[in-house]
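Okay, so here's the structure we're looking at.
The values are calculated or read from the model by the stated rules, or taken from the named source; none is laboratory data. Since the model is a prediction, treat every value here as computed from it, not as a measurement. Reconstructed Cβ throughout: ideal geometry from the backbone, glycine too, with neighbour counts over all protein chains shown.
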Amino acid sequence: MKKITALALYSGGLDSMLAAKLVASLGVRVLAVKFVTPFFDYGLLEDPEKYKQDVKEKYGIEVLVEDLSNNYLDLLHHPSHGFGKNFNPCIDCKILMFSRAKAMLAEYDASFLVTGEVIGQRPMSQRRDTLRVIERDSDNDGLLLRPLSAKLMNPTKAEIEGWVDRDKLLDFSGRGRSRQIKMAHEYGITDFPTPAGGCTLADPILSTRIAKIYADDFVIKADEITVTDIRFLLVGRQFLLPGGYWVILGRNEKENMKIEELAEENDILFHMPDRPGPTALLRNAKSMLASGDKTDAILQGTADLVVRYGKKVKDDSGEGVNITEMDGEHTVLGKRLSEQLCQEWMIKS
């Protein structure tokens, strides 16, 4: 007899681990699906094979990594069920993930979906009525098994067909974690993340930056936004120079490296070769500067920002700042930007 396969949505949190392990213990082959976007876990795409190996070795779970980025950027224009406290479209996010997971069933010869959702655990996306809406709007009627709360819900196809034994499913509810922790120890899982919102869109400061773009209140228009734009919004200090020139400054070596890594052909990079300080990036600058007469002023202003946030020295006469463009590198003398201009240009939220 052919072994039944299920796809389990996998956040990396304890509940999703337990759901996958429980269904696997009932004789089902479980493939976990880890969705990523620029707002959560995007860094996994740098080395997905290592992530898969780590999860397999640590928890005995076979995991797939799927990028939802472009669909997610589209979703943020008009989420059908609105936003949470910040710019987080939690219900529509679940619907998008479950819809994509359903589309993957045929590819992996899988018969149903599994999630670690628990009735009443989260006030927006895990109320009983909301769970039903998510199932309905993702076109997953009967396909979506929530094993941790299954006994509090109507039987799904997996239970009706006998692919899993309903008597061995659970009746978890509410926000308590004691039963999950006990269950984790029974599975030998002692190292697991504490429950927390890992989505940038739930962050009150960072989400505001992103919301401005979708409100057409930024130099990048909502219908032009890219994954790279989002990634720049989430790193470093942000400035908007006169004329609509967007500058990103690294706050430490790690951010400097990230800015250099994300730089695209139309961007211009700045750094001080002889003094510790930030790497700066002038976003989409080459095409903008080519059509205007402000080139010298914008390049100088950005160089002055680099010096302002660089290591202070006694000699305040200026510092050479290298400017890297497609046609090579040249140096300008940067001077410390006045605090007044610095505050005027800074994007504070």
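Restricting the search to the stretch 1-32, which residues are of a type in the set (Gly, Ala, Ser) and not in a helix (DSSP H, G or I)?
Within the stretch 1-32, the first condition is being of a type in the set (Gly, Ala, Ser), and the residues that meet it are 6, 8, 11-13, 16, 19-20, 24-25, 27, 32.
Residues satisfying the conditions are ALA6, ALA8, SER11, GLY12, GLY13, GLY27, ALA32.
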### Query
Looking at the stretch 12-42, which of the residues that are among the small types (Gly, Ala, Ser) and out of contact with any helix residue (DSSP H, G or I) (no Cβ under 9 Å at 6 or more places or on another chain) is farthest from LEU113 (Cα to Cα)?
GLY13
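Sort out which residues of the stretch 5-33 are hydroxyl-bearing (Ser, Thr, Tyr) and buried (at least 24 other Cβ atoms within 10 Å of the Cβ), and write them in order of number. Write out each step before concluding.
First, the residues of the stretch 5-33 that are hydroxyl-bearing (Ser, Thr, Tyr): 5, 10-11, 16, 25.
The one that is hydroxyl-bearing (Ser, Thr, Tyr) and buried (at least 24 other Cβ atoms within 10 Å of the Cβ): TYR10.
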### Message
Restricting to the stretch 219-243, and then to whatever is assigned to a loop (DSSP other than H, G, I, E, B) and in contact with a strand residue (DSSP E or B) (Cβ under 8 Å, 6 or more places away or on another chain), can you tell me which residue is surrounded by the most Cβ atoms within 10 Å (Cβ to Cβ)?
### Response
GLY236
### Query
Yes or no: ASP191 in a loop (DSSP other than H, G, I, E, B) and outside the structural domain of LEU143 (by TED's automatic domain parsing)?
yes
### Where a residue in the stretch 227-251 is under 11 Å from LEU305 (Cβ atoms) and its partner, wherever it lies, is part of a strand (DSSP E or B) and of a type in the set (Phe, Trp, Tyr), with Cβ under 6 Å and at least six apart
VAL247/PHE239
### Query
What number of residues in the stretch 303-349 are modelled with pLDDT under 85 and among the hydrophobic types (A, V, I, L, M, F, W, C)?
2
### Query
Of all residues in the stretch 34-48, which are surrounded by 19 or more Cβ atoms within 10 Å (Cβ to Cβ), touching an Asp or Glu at 6+ places or on another chain (Cβ under 8 Å) and not β-branched (Val, Ile, Thr)?
LYS34, PHE35
### Message
Condition first: hydroxyl-bearing (Ser, Thr, Tyr) and not in a loop (DSSP other than H, G, I, E, B). Can you find one or more residues in the stretch 288-296 that meet it?
### Response
yes
### Query
Does the stretch 49-76 hold any residues that are surrounded by 13 or more Cβ atoms within 10 Å (Cβ to Cβ), touching a residue at least 40 places away in the same chain (Cβ under 8 Å) and within 22 Å of LYS258 (Cα to Cα), and which are they?
SER69, LEU73
### Query
Does TYR214 satisfy the condition of being within 17 Å of MET17 (Cβ to Cβ) and either loosely packed, with under 15 Cβ neighbours inside 10 Å or out of contact with any strand residue (DSSP E or B) (no Cβ under 7 Å at 6 or more places or on another chain) (or both)?
no
### Query
Using beta carbons and a limit of 6 Å, which pairs, at least six apart or on different chains, have the first residue in the stretch 152-166 and within 15 Å of VAL28 (Cα to Cα) and the second one acidic (Asp, Glu)?
ARG166/GLU159
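Hey, could you check the stretch 118-160 for residues that are touching a Cys at 6+ places or on another chain (Cβ under 8 Å) and surrounded by fewer than 19 Cβ atoms within 10 Å (Cβ to Cβ) and say which is modelled with the lowest pLDDT? So that I can check it myself, show each step before the final result.
Initially, the stretch 118-160 is screened for residues touching a Cys at 6+ places or on another chain (Cβ under 8 Å), giving 122, 124-125.
Filter again for surrounded by fewer than 19 Cβ atoms within 10 Å (Cβ to Cβ), leaving 122, 124.
Working: ARG122: 73, MET124: 64.
Filtering first and then ranking leaves MET124.
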### Query
Here are LEU282, LEU262: which of them is under 19 Å from ILE230 (Cβ atoms) and surrounded by 19 or more Cβ atoms within 10 Å (Cβ to Cβ)?
LEU282
### Enumeration of residues in the stretch 36-73 that are within 23 Å of LEU201 (Cβ to Cβ) and assigned to a helix (DSSP H, G or I)
TYR42, GLY43, LEU44, LEU45, GLU46, PRO48, TYR51, SER69, ASN70, ASN71, TYR72, LEU73
### Task
Sort out which residues of the stretch 101-131 are within 26 Å of VAL65 (Cα to Cα) and charged (D, E, K, R), and write them in order of number.
LYS102, GLU107, ASP109, GLU117, ARG122
#### Entry: Only listed residue being over 20 Å from GLN121 (Cα atoms) and assigned by TED's automatic domain parsing to the domain that holds LEU76, chosen from LYS157, LYS212, LYS182, LYS151
LYS157
### Task
Could you give me the residue pairs with C-beta distances under 8 Å whose first residue belongs to the stretch 89-110 and is in the same structural domain as VAL33 (by TED's automatic domain parsing) and touching a residue at least 12 places away in the same chain (Cβ under 8 Å), whose second residue is among the aromatic types (Phe, Trp, Tyr) and in a helix (DSSP H, G or I) wherever it lies, and which are 6+ apart or on separate chains?
CYS93/TYR72; LEU96/TYR72
### Query
of a type in the set (A, V, I, L, M, F, W, C) and assigned to a loop (DSSP other than H, G, I, E, B): does that describe TRP246?
no
